[in-house]
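The values are calculated or read from the model by the stated rules, or taken from the named source; none is laboratory data. Note that the structure is a prediction, hence the values are computed from the model and not measured. Counting neighbours? That spans all protein chains shown, and the Cβs are built from the backbone with ideal geometry, glycine included.
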Ligand code: NOJ
Ligand code: CA
């Protein structure tokens, strides 16, 4: 037995950038509904939609001012209900973003909290007196720009904590009222039929109650993210308290049945990430971000698989991520040719794949001219902005790529190459990235060995990654050439033949009977063995 979120493929939609339905240049929920047929055709199992809640948009929706409504820019609650219904009708599950670590400073809770020291909601946020010298209560740094994580509030003479922007004050989950109110937010959306949550920076929610100073990071060098000057020992992933937080969420979603999924956003080494599964009573999928931060090399990726598989508890289900709205596009990071190999990896490795919108057609980072910068992070730490990976989805070659009507300025510029890199152009091209992605998805869905089988990596010549996926009566061999040179591999003796069912070149179905596998530059193959 496997749950849908184990067998299935998750597709992340950044709602501002997917499809505009009303001509304001910003994507919205009715726009997503218009594109559900495409997603069903592509073959994914679930969509995860980044925040669409009322928000002043200081951090593009990750600063929520009302957790139980839809920002008018994105539509209405009725649109949301329709989105769930239309998705479910097509067999697509709906995962939404839950942002528990912080609210917007415009949230009525924070407005009350900051109004006076004895306001009943004062303790809903993390307020502290200044240090004896008048400075911030400790040395913690904001993730955005690396300034202090504390903001002084003149009116009440105390500082409040903000792990991100000062417009994103951190909630105090140690307060039982906060907990109750936030868990009710989950129930609100579960009653509307959602199938799960992606929990924003879930690992940051519990911090050291003593607020001890973080130690300096000896590996930090000029040019690195200024927020990494300290090791975040006390400001995040504070155990065991963080596991209690995970259990609160798990118990709440289980009130609605066993097949709701909780995905936790975290950037942690495997061992600490593995702890977030608990005893099967915490998160279903603590996000595995290792590929985002590792060099794209065959031996490195092999080590990642082996280490991950080694540290995961028996009850835990793995997952892999190649891109998201916070990271450079995979096709820009490793190149167009290797992006095809990476897609083959993501869709044949053991564990739930999360795809980022547009990666299926090979969208690339789009250079953003200074006057069009939107992301506050770019202003605080130039070069760290995330706009290049958040540009409008490229649907066709019409003006504005089918994202918004001609003559309207989309909220971020379109890629210059959208006339060739788009869904319409690739849909009927037998060797396109889209055709490859869809073929891989189809193969994964049809093959139990790929969607729920075991995995074993194999020794292979330098530059090649090889692994086996096995289920009763079914065995697949995947060999990926990470180099731009032709490579040969000798099949292990146990396999007298290999039936190649898919190549990243999409031109090859052949039976190899002499144990000699030849791979072209940047080629990956899936073979039945
Ligand atoms: C992680 C989100 O993915 C990112 O976009 C956001 O800026 C921060 N959390 C703060 O919510
Ligand atoms: Ca719109």
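Points to keep in mind about this one:
- Considering the conditions (1) outside any loop (DSSP other than H, G, I, E, B); (2) within 16 Å of ligand 1 (Cβ to nearest atom); (3) modelled with pLDDT of 95 or more, residue 324 is excluded by exactly one of them, (1).
- Inclusion of residue 204 among residues that are buried (at least 21 other Cβ atoms within 10 Å of the Cβ), in contact (Cβ under 8 Å) with a residue 40 or more places away in the chain and either touching a strand residue (DSSP E or B) at 6+ places or on another chain (Cβ under 7 Å) or under 28 Å from residue 49 (Cβ atoms) (or both) is warranted.
- Scanning the range 431-465 for residues that are closer than 15 Å to residue 361 by Cβ and part of a loop (DSSP other than H, G, I, E, B) yields 431, 432.
- Residues located in the range 63-75, provided they are in contact (Cβ under 8 Å) with a residue 24 or more places away in the chain and over 14 Å from residue 185 (Cβ atoms): 63, 73, 74, 75
- Summed over the range 477-491, residues that are in a loop (DSSP other than H, G, I, E, B) and either in contact (Cβ under 8 Å) with a residue 60 or more places away in the chain or within 17 Å of residue 302 (Cα to Cα) (or both) total 3.
- Scanning the range 70-85 for residues that are away from ligand 2 (no atom under 16 Å from the Cβ) and either more than 19 Å from residue 22 (Cα to Cα) or crowded, with 19+ Cβ neighbours inside 10 Å (or both) returns 84, 85.
- Taken over the range 108-141, the criterion of being in a loop (DSSP other than H, G, I, E, B), in contact with a helix residue (DSSP H, G or I) (Cβ under 9 Å, 6 or more places away or on another chain) and surrounded by 14 or more Cβ atoms within 10 Å (Cβ to Cβ) is satisfied by 114, 119, 121.
- Some residue of the range 168-190 being part of a strand (DSSP E or B) and within 16 Å of ligand 1 (Cβ to nearest atom): yes
- When residues of the range 142-152 are limited to those that are closer than 17 Å to residue 226 by Cβ and away from ligand 1 (no atom under 16 Å from the Cβ), the one surrounded by the most Cβ atoms within 10 Å (Cβ to Cβ): 150
- Filter pass, residue 14 being within 16 Å of ligand 2 (Cβ to nearest atom) and not assigned by TED's automatic domain parsing to the domain that holds residue 121: yes
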